[in-house]
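This report concerns only the one structure given below.
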Amino acid sequence: MSSAASPDQVGGQTPTPFKPRIFSGIQPSGGLTLGNYLGALKRFVEKQDEGIETIYCMVDMHAITTWQDPVKLRQQTREGAAAFIAAGIDPKRSILFNQSQVGAHAELGWIFNCVARMGWMSRMTQWKDKTAGKNAEAESLGLFAYPSLMAADILLYHATMVPVGEDQKQHLELCRDIAIKFNHDYKVDFFPVVEPLIEGVATRVMSLRDGTKKMSKSDPSDQSRINLTDDADTIAAKIRKAKTDSLPLPETAAELKDRPEARNLVNIYAALAGHSLDQVIRDFAGAQFGTFKPALADLAVAKLSPITHEMNRLMADPGEIDRILGDGADRADAIARPILDQVYDITGMIRSRPG
Ligand code: TYM
């Protein structure tokens, strides 16, 4: 790829490689689930604790691509922020904010709408899943263009790594395609080609009612998921009622291959305990679900109850949550604005008004 102007040459400075920076986001389109916790939040905390610069966002602008009641959206955005903090995100060490407070996301999202192609968007499996059996023509234009706003979220910070669950892989490939096309079209080396971080045993936590379906906040059945707001009794009851087969747990992880429900529960156990799948299988080989499920319920309650408790404490002071989000937005904006200014420069927009 030619690089007539490198990122830092645009501002007249010496070129530097992109520094490691993590960005990730969660939609406040419902309460957070165990899937969000194990696939995303828990790993966000690990990345923060590894000392990498971390930027985390409640993506409220993404949430409104499908209808959201305004009162609930505000509540869910605060609740999501409370979940981040309760899970271990320190808003002094990480930047934590909600997307709509940093207008640069929408501005870069528009520019990427002009870089991305209609064909790319129509091949997104999430778009296809969300419109399956429905009249796609009646969906919002925002839902269709959703991945280009997601690419803007990431590239606005020149983020190099993005921890996500398995379901976001294709969106991150599209983010890479947008970065490559932008760099190619404008003959610059401006945007990094990001690296998806899809790691660990819980990159795809499945529904408790159907081991072939992802656990999701939008599933109509509340029994299909564990919510981070569920109390101990509810968590234990949902695990007790979780669908399983009639066989005992096997001797090897490979034997879980065609047992999606059993595999899911073992994966959840491993992720919560911080053990490998092989270790859990070794510990429970030959056990019936009558033994395994109560052990899993105890573990889930032990790990999740302190988070739920802390979320409830934080939610009692919404003003403090808003203050934290506002402070995070100021710090996010300070990184994003100069990068966006360079994008306007590269794309030929006149910016003659002072500051
Ligand atoms: P969202 O809000 O659907 O999910 C947030 C994060 O949780 C992960 N996740 C899961 N991981 C494992 N098992 C599950 N059952 C499960 N359900 C959800 C998701 O993979 C994700 O990491 N498009 C994104 C939000 C977004 C974003 C971004 C993410 C917007 N801009 C920029 C990263 C970077 C989404 O809808 O995630």
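Readers should treat all values here as calculations from the given coordinates under stated rules, not as data from a laboratory. Keep in mind that what you see is a predicted model, and the values were worked out from it rather than measured. Note that each Cβ is placed from the backbone with ideal geometry, even for glycine, and that neighbours are counted across all protein chains shown.
In a simple Cβ point-charge model (Lys, Arg +1; Asp, Glu -1; nothing else charged), the chain has a dipole of about 480 debye relative to its Cα centre. Between THR291 and THR234, the FRET efficiency estimated from the beta carbon spacing at R0 = 30 angstrom works out to 0.90. Can you give me the Cα centroid spacing of segment 280-355 and segment 143-181 in angstrom? Here the two parts' Cα centres lie 17 Å apart. Around the Cα centre of segment 114-184, unit charges on the Cβ atoms of Lys, Arg, Asp and Glu (plus for the first two, minus for the last two) sum to a dipole of about 180 debye.
Work from the charge dipole of the chain (Cβ charges, +1 for Lys and Arg, -1 for Asp and Glu, about the Cα centre) and give the residue of ILE324, ALA132, ILE55 farthest towards its positive end. Projecting each Cα onto the dipole axis, the largest value belongs to ALA132. Projecting the Cα positions of ALA273, ALA253, ALA287 onto the charge dipole of segment 251-295 (unit charges on Cβ atoms of Lys, Arg, Asp and Glu, taken about the Cα centre) puts ALA273 furthest along the positive direction. With contacts taken as Cα pairs under 8 Å and at least 6 residues apart, the chain reaches a relative contact order of 23 percent. For the chain, the antiparallel share of DSSP beta bridges with both residues in that region comes to about 10%. For the residues PRO318, PRO220, PRO248, a GNM of the chain with alpha-carbon springs under 10 Å puts the largest fluctuation on PRO220. Can you tell me which of TYR344, TYR157, TYR269 moves the most in a GNM of the chain? Springs connect C-alpha atoms under 10 Å apart. Result for the chain, Cα springs under 10 Å: TYR344 fluctuates most. Length available on full extension from LYS128 to TRP110: 0.36 nm per residue minus the Cα-Cα distance, which gives 4.3 nm. Helices assigned as whole DSSP H runs in the chain whose Cα atoms extend at least 18 Å along their own long axis and whose mean Kyte-Doolittle hydropathy is -1.0 or higher are found at 70-87, 141-155, 169-185, 260-273, 289-315, 318-347.
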